[in-house]
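The values are calculated or read from the model by the stated rules, or taken from the named source; none is laboratory data. Just so it is clear, the model here is predicted, and its values are computed rather than measured. Cβ placement follows ideal geometry from the backbone for every residue including glycine, while neighbour counts extend to all protein chains displayed. For accessibility, only protein heavy atoms count, side chains too; no ligands or nucleic acids. Shrake-Rupley method; radii C 1.70, N 1.55, O 1.52, S 1.80 Å.
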Amino acid sequence: AIVGYNGGFGFQFNFLTSNFAHDFPMNVQLGLAYTAMNPGNAADARQIFINDATNGDPEKSGWMWDVRFDFLYQVKWLSLQRAYLYGGPRYAMFTANFNFIGGNEDFDITSNQWGLGLGLKAYFAMGNRFDFVTSAGFDYYFPSELSGHDTRYNPDDENVNARNDYTYDDADNAVNNPTFQ
C-alpha cells in the first residue's frame, strides 16, 4: 500500500510478483489507485456542459480511480540496493462533481482514459515483512471523451449536444481530468 500525492492526495495498492518466468529479467506489478483531486472550474463546466445560469453557490469534488500494470527493472543507482525503473500502461476513470446549491444543478463530468507511465522506485527494509518505498514517476493520459449531463465532447470535436460553439479543448480546460500526473 502506498499513500502520497498524484495530482491530489491518494492511495494505491500494488501486487508485485517476481521470478514468475525462468530468466525473465523484470518483476511485474499490478496496481489500483484512488486520488481525490480538484475537479476544475465549476462555472466554466456549467456553461460548457449545461447552461449559462449563474445562480447558486458551487460545491465541487473530483476523484480518479486508476489501474496500472508495470514492468520493473532493477537498476544499480547511487548506493540503492533495491531500486527499479518501472513503466507500463494505465487506465483512469475520472469523475468531477459540481453541485450548485440554490441553483438546482448537480452534475458529474466523467472520462475514461488510457495512458502510459514511467518512474523510479526504491525499497528500504523496515523488518522482515515491511519496506519503506519511495517512488517518483510520470503518467501521461491520452485525450478521451468528456461526458456530462447530456453533452459529450470528443478529441476530434465530433461532439454530442455541444453548447454554443464550445470545443473539446474548452471542455478539457474546464475540468482537471488526467493528462499529466
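List the strands (runs of 3 or more DSSP E) inside the range 127-174, counting only whole elements, that have at least 1 residues being among the acidic types (Asp, Glu) and within 30 Å of TYR84 (Cα to Cα).
131-141
Test of understanding: among ARG90, ARG68, ARG46, ARG82, which residue is more than 28 Å from SER147 (Cα to Cα) and either basic (Lys, Arg) or open to solvent by less than 30 Å² (accessible area, probe 1.4 Å) (or both)?
ARG82
Out of the range 15-41, which residues are of a type outside the set (A, V, I, L, M, F, W, C), at pLDDT 90 or above and either over 22 Å from PHE180 (Cα atoms) or within 16 Å of the chain's Cα centre (by Cα) (or both)?
Of everything in the range 15-41, those that are of a type outside the set (A, V, I, L, M, F, W, C), at pLDDT 90 or above and either over 22 Å from PHE180 (Cα atoms) or within 16 Å of the chain's Cα centre (by Cα) (or both) turn out to be ASN27, GLY31, TYR34, THR35, ASN38, PRO39, GLY40.
If you check every pair at least six apart or on different chains, which have Cβ atoms under 7 Å apart with a residue in the range 159-170 that is closer than 14 Å to ASP44 by Cβ first and a residue that is part of a helix (DSSP H, G or I) and among the β-branched types (Val, Ile, Thr) second?
ARG163/ILE48; TYR166/ILE48; ASP170/ILE48
Residue under question is ASN97, and the condition is that it be open to solvent by less than 40 Å² (accessible area, probe 1.4 Å), in contact with a strand residue (DSSP E or B) (Cβ under 7 Å, 6 or more places away or on another chain) and under 25 Å from PHE13 (Cα atoms); does it hold?
yes
From THR35, THR54, which residue is within 30 Å of ASP169 (Cα to Cα), out of contact with any Ser or Thr (no Cβ under 7 Å at 6 or more places or on another chain), open to solvent by less than 20 Å² (accessible area, probe 1.4 Å) and among the polar types (S, T, N, Q)?
Numbers: THR54 fails: open to solvent by less than 20 Å² (accessible area, probe 1.4 Å).
Result: THR35 is the single residue among THR35, THR54 that is within 30 Å of ASP169 (Cα to Cα), out of contact with any Ser or Thr (no Cβ under 7 Å at 6 or more places or on another chain), open to solvent by less than 20 Å² (accessible area, probe 1.4 Å) and among the polar types (S, T, N, Q).
TRP77 passes all but one of (1) touching a residue at least 40 places away in the same chain (Cβ under 8 Å); (2) under 17 Å from GLY40 (Cα atoms); (3) hydrophobic (A, V, I, L, M, F, W, C); which number fails?
So the condition that TRP77 fails would be (2).
Take ASN104 and decide whether it is open to solvent by 20 Å² or more (accessible area, probe 1.4 Å), modelled with pLDDT under 95 and closer than 17 Å to HIS149 by Cα.
yes
Out of all the residues in the range 108-122, is one or more free of Cβ contacts under 8 Å to residues at least 24 places away in the same chain, of a type outside the set (Ser, Thr, Tyr) and in a strand (DSSP E or B)?
The answer is no, given that none of the residues of the range 108-122 is free of Cβ contacts under 8 Å to residues at least 24 places away in the same chain, of a type outside the set (Ser, Thr, Tyr) and in a strand (DSSP E or B).
Evaluate the following for GLY7: is it at pLDDT 90 or above and in contact with a strand residue (DSSP E or B) (Cβ under 7 Å, 6 or more places away or on another chain)?
So GLY7 does not fit the description; no.
Does ASN154 fit the bill of being at pLDDT 95 or above, farther than 17 Å from THR35 by Cβ and within 24 Å of the chain's Cα centre (by Cα)? If you could, list the steps in order and put the result at the bottom.
Numbers: at pLDDT 95 or above: yes; farther than 17 Å from THR35 by Cβ: yes; within 24 Å of the chain's Cα centre (by Cα): yes.
Yes; evaluated as a whole, the condition is true for this residue.
Would you say THR151 is touching a helix residue (DSSP H, G or I) at 6+ places or on another chain (Cβ under 6 Å), open to solvent by less than 60 Å² (accessible area, probe 1.4 Å) and of a type outside the set (Gly, Ala, Ser)?
Against the criterion (touching a helix residue (DSSP H, G or I) at 6+ places or on another chain (Cβ under 6 Å), open to solvent by less than 60 Å² (accessible area, probe 1.4 Å) and of a type outside the set (Gly, Ala, Ser)), THR151 qualifies.
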